[in-house]
Amino acid sequence: MLVEEELTYRIRGCVYEVSRRLGAGFLEKVYERALLREFELQGLKAKAQVPLKVSYKDRVVGEYFVDILVEDKVLIELKPQEKILPMHEAQLLNDLRMSDRRRVGLLVNFTYPKATIKRLTV
């Protein structure tokens, strides 16, 4: 059984709705705000630009920001680019490793002709 399967299914529906209505070509911030609105309309709790700390050998050495966190369980990384690169996947996997109890992330690319979503787990 997939981790957070029902929740990621609902998130995918929201992503495809935003993609269907907005299409490709906007900046990441536009998609972020549209997704937050769609999550709200679908009754999902979501926050943008959530700070997470990076620890190394029991000491905080930095901080980074997750694009969107849904229901405090699923990380979403937005990339409105021509294609997803391996470094984008590595970024999301690092985010998941550093976020303690979150094990599922979605890499979302708002591209033509429709959004693509890659599910990653740790």
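Readers should treat all values here as calculations from the given coordinates under stated rules, not as data from a laboratory. Model, not experiment: these values are computed from the prediction. Every residue, glycine as well, gets a Cβ built from its backbone with ideal geometry; the counts of neighbours run over all protein chains shown.
In table form, for the structure just shown:
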item: Ascending count of other beta-carbon atoms within 10 Å, so fewest first, for T111, T121, T8; result: T121, T111, T8
item: Value of [θ]222 nm, deg cm²/dmol, for the chain, DSSP H segments ≥ 4, -39500 (n - 2.57) each, nearest 500; result: -12000 deg cm²/dmol
item: Span from the the stretch 46-77 Cα centroid across to the the stretch 94-122 one, whole angstrom; result: 13 Å
item: Shape box of the chain [Cα atoms, principal axes, largest first, Å]; result: 45, 29, 27
item: Under 14 Å from the Cα of K73 - aspartates and glutamates, other chains or at least 8 residues apart; result: E4, E5, E6, D95, D100
item: Residue order, fewest to most beta carbons within 10 Å, for R101, R20; result: R101, R20
item: Value of relative contact order over the stretch 44-120, rounded to a whole percent, pairs C-alpha under 8 Å and six or more apart; result: 26 percent
item: Segment H88-E28, length gained on full extension (0.36 nm per residue, minus Cα span); result: 20.2 nm
